[in-house]
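Following: one structure in C-alpha cells, then a few remarks.
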Amino acid sequence: MGNGKSIAGDQRAVPTQGTHVWYRTFMTEYPSGLQTLHEFKTLLGLQGLNQKANKHVDQVYNTFDTNKDGFIDFLEFIAAVNLIVQEKMEQKLKWYFKLYDVDGNGSIDKNELLDMFVAVQALNGQQTLSPEEFTNLVFRKIDINNDGELTLEEFINGIAKDQDLLEIVYKSFDLSNVLRVICNGKQPDMEIDSSKSPDKAGLGKVKMKSL
C-alpha cells in the first residue's frame, strides 16, 4: 500500500498480508478504482440528509480525499481504514482537527466548530449539549490564550486531557461504525470492541486477525 502514510500522519498500517483482501473488496465494489462522494454516502446509508448533515459528511469525505481529485482511490481508502485501526489518540485528534478546520487555515474558530456540531446534531440526532453550549465549553476550557481560535496544539492537548470533551468529539463521527459498514459481510475476521473508553482504545479497539 505504498509508504503507509495516511490522512492522520504516520500510523500503524493494516497488516500486509491482509492488504490484498481489502484491495479485492474495494475493486469489487468500485471497478473503476475510484469511490465517488455519492457512493461513499450510499455505502454508509447517508442519503436524503438535510443540508447541515450533508455538509458534515462532505467534509469527512474531503479529508479522506487527500489528493483533492474528487474521488477516494484505494490508497486513500486504506489510509482511512488505518485511521480507525491504529490506536494512537493523538493521530485521531489530528484528523478531527483537520475535519473541523473547514477553511484549512490551520486553526479552528468558533463559527467553524459551531457549524460542524450543528451538522453533527443534524446527522446524529439530539445531543446532551447543544452545538452552542458545546462550542462555548470547548473554547472556555482549551482556548489558552483566549484569542477565539484553536491551534492544533491547543486542540490536541486540551481535548486529550478532558475525558468529557474527548468522548463528545469521538462521537461526532464514529469511525468504528464506518468500518463496520465497510466490512459487513466482507471481512469476517474483523473484531471491534466498542466497549473500550476513548482514552484507552480510540474509537473502539479494532483487532485484525491474520488472513
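The values are calculated or read from the model by the stated rules, or taken from the named source; none is laboratory data. Computed from a prediction, not measured in an experiment: that's the story for all the values here. Positions of Cβ are generated from backbone atoms using ideal geometry, with glycine treated the same way; all protein chains shown enter the neighbour counts. Surface areas here come from the heavy atoms of the whole protein model, side chains and all, with no ligands, DNA or RNA. Shrake-Rupley method; radii C 1.70, N 1.55, O 1.52, S 1.80 Å.
Just to be sure before I move on: is residue 99 at pLDDT 90 or above and closer than 16 Å to residue 166 by Cβ in the structure I sent? If you could, list the steps in order and put the result at the bottom.
On the way: at pLDDT 90 or above: no; closer than 16 Å to residue 166 by Cβ: yes.
Judged against the criteria, residue 99 is not a match.
Please tell me if residue 115 is open to solvent by 40 Å² or more (accessible area, probe 1.4 Å), free of Cβ contacts under 8 Å to residues at least 24 places away in the same chain and acidic (Asp, Glu).
On the way: open to solvent by 40 Å² or more (accessible area, probe 1.4 Å): yes; free of Cβ contacts under 8 Å to residues at least 24 places away in the same chain: no; acidic (Asp, Glu): yes.
Answer is no for this residue.
Checking residue 179 against (1) aliphatic (A, V, I, L, M); (2) surrounded by 16 or more Cβ atoms within 10 Å (Cβ to Cβ); (3) at pLDDT 90 or above, only one condition comes out false. Which one?
Residue 179 satisfies every listed condition except (3).
Within the stretch 129-171, can you find the residues that are open to solvent by less than 30 Å² (accessible area, probe 1.4 Å) and on the phi > 0 side of the Ramachandran plot?
Passing the criteria: only 148.
Looking at 66, 25, can you tell me which residue is part of a loop (DSSP other than H, G, I, E, B), touching a residue at least 40 places away in the same chain (Cβ under 8 Å), open to solvent by 20 Å² or more (accessible area, probe 1.4 Å) and hydroxyl-bearing (Ser, Thr, Tyr)? First the steps, then the outcome.
Working: 25 fails: part of a loop (DSSP other than H, G, I, E, B).
Just one listed residue meets the conditions, 66.
So which of 93, 75 is among the aliphatic types (A, V, I, L, M), assigned to a helix (DSSP H, G or I) and surrounded by fewer than 20 Cβ atoms within 10 Å (Cβ to Cβ)? Spell out how you get there, then give the answer.
Values: 93 fails: surrounded by fewer than 20 Cβ atoms within 10 Å (Cβ to Cβ).
The unique qualifying residue is 75.
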